[in-house]
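The values are calculated or read from the model by the stated rules, or taken from the named source; none is laboratory data. Bear in mind the structure is a predicted one, so any value in this text is a computation, not a measurement. Here the Cβ is made from the backbone with ideal geometry for all residues, glycine too, and neighbour counts use every protein chain on show. The area values use the complete protein model at the heavy-atom level, side chains included, leaving out ligands, DNA and RNA. Shrake-Rupley method; radii C 1.70, N 1.55, O 1.52, S 1.80 Å.
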Amino acid sequence: LLALSALYWRVIYSELRARYDVSPGFRFNGKNILLYGDGGINLGENSYIGDNSTVHASSGFNVKIGVGCHISSNVRIFTESVMPDSDFRVKPVPAKAGDVIIADACWIGANVLINPGISIGVNSVVGANSVVTRDIPPDEIWGGVPAKLIRKKRQQAANAVSNHSTNI
């Protein structure tokens, strides 16, 4: 039964790769990952998305996830949503829409909601259980509801990290 489930998700993810612009090195880490909508979805090389996550791209809008991104489980990314101050008794309910851009080398924690029109800068982190309502600059750590700046990242020299792995 487990093998049948794995085969099922391989087929589903293969269909998503055919429909959207999914790099060969992008990984679907788990099951119940949903990509949908008539807009564009571009998923970068050496990135992954965790189980139970959803990426929605409305017609005319795009979601782009850069290279080397870590998207945890149960993350929601939307290019369209209703306007919260609207009178929901009046139809159609006005919506806000916009592209979502997650630049290279970002880490998005579990249970994060990323609203329409958001850009997340290179090498940034969004903490678990956050709601992103504003653009996040590069090299920053954000978290909360709504997500706010926690601090700027303390940069480590790239060669210090690579030297650590060779000093065995």
Distant-in-sequence amide H partners of Ser58 (H built 1.01 Å from N, under 5 Å): Gly39, Thr79, Glu80
field: Asp85 accessible area, 1.4 Å probe, all protein chains in place, Å² to nearest 10
entry: 150
query: Residue-wise, which Karplus ³J(HN,Hα) couplings in Hz belong to segment 66-81, taking 6.51 cos²θ - 1.76 cosθ + 1.60, θ = phi - 60°, and x for glycine or proline?
result: x, 7, x, 8, 10, 10, 6, 6, 6, 8, 10, 10, 10, 9, 8, 7
- prompt: So, counting K/R as plus one and D/E as minus one, what does the shell of residues with Cβ under 13 Å around Phe61 add up to?
  reply: -1
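Quick check on segment 56-105: what are the equivalent-ellipsoid semi-axes from the Cα gyration tensor, as sqrt(5λ), descending, whole Å?
28, 12, 8
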- prompt: Amide H to amide H under 5 Å from Ile120: which residues, 5+ apart in sequence or cross-chain, H placed 1.01 Å off N in plane?
  reply: Ile101, Ile102, Ala103, Ile136
field: Rel. contact order, % - alpha carbon contacts under 8 angstrom, at least six apart, segment 14-168
entry: 14
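Name the trypsin sites (Lys or Arg not before Pro) in segment 23-101 that are in a loop by DSSP and that have at most 14 other C-beta atoms within 10 Å, would you?
Lys31, Arg89
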- line: FRET efficiency (Arg89, Leu34; Cβ distance; R0 25 Å; to 0.05) is 0.25
field: Accessible area in square angstrom per residue, the chain, 1.4 angstrom probe
entry: 56
- line: Of all chymotrypsin sites (Phe, Trp or Tyr not before Pro) in segment 54-150, the ones in DSSP coil with at most 12 other Cβ atoms within 10 Å are Phe88
field: Karplus-derived HN-Hα couplings along segment 10-21 (A = 6.51, B = -1.76, C = 1.60, θ = phi - 60°), whole Hz, x at Gly and Pro
entry: 4, 5, 4, 5, 5, 5, 5, 4, 6, 7, 10, 8
- request: Evaluate Rg over Rh across segment 89-140, taking Cα atoms for both radii and Kirkwood's formula for Rh.
  value: 1.09
- prompt: Relative to a virtual label point 7 Å from the Cα of Arg27 in the Cα→beta-carbon direction, which members of segment 49-83 show backbone nitrogen distances below 14 Å?
  reply: 49-51, 68-73
query: Over segment 1-134, one equal point on each Cα, no solvent: what is log10 I(q)/I(0) by the Debye formula at q = 0.16 Å⁻¹?
result: -0.78
- prompt: Given H placed on each backbone N at 1.01 Å, which residues far from Asn42 in sequence or on other chains put an amide H within less than 5 Å of it?
  reply: Val63, Lys64, Ile65
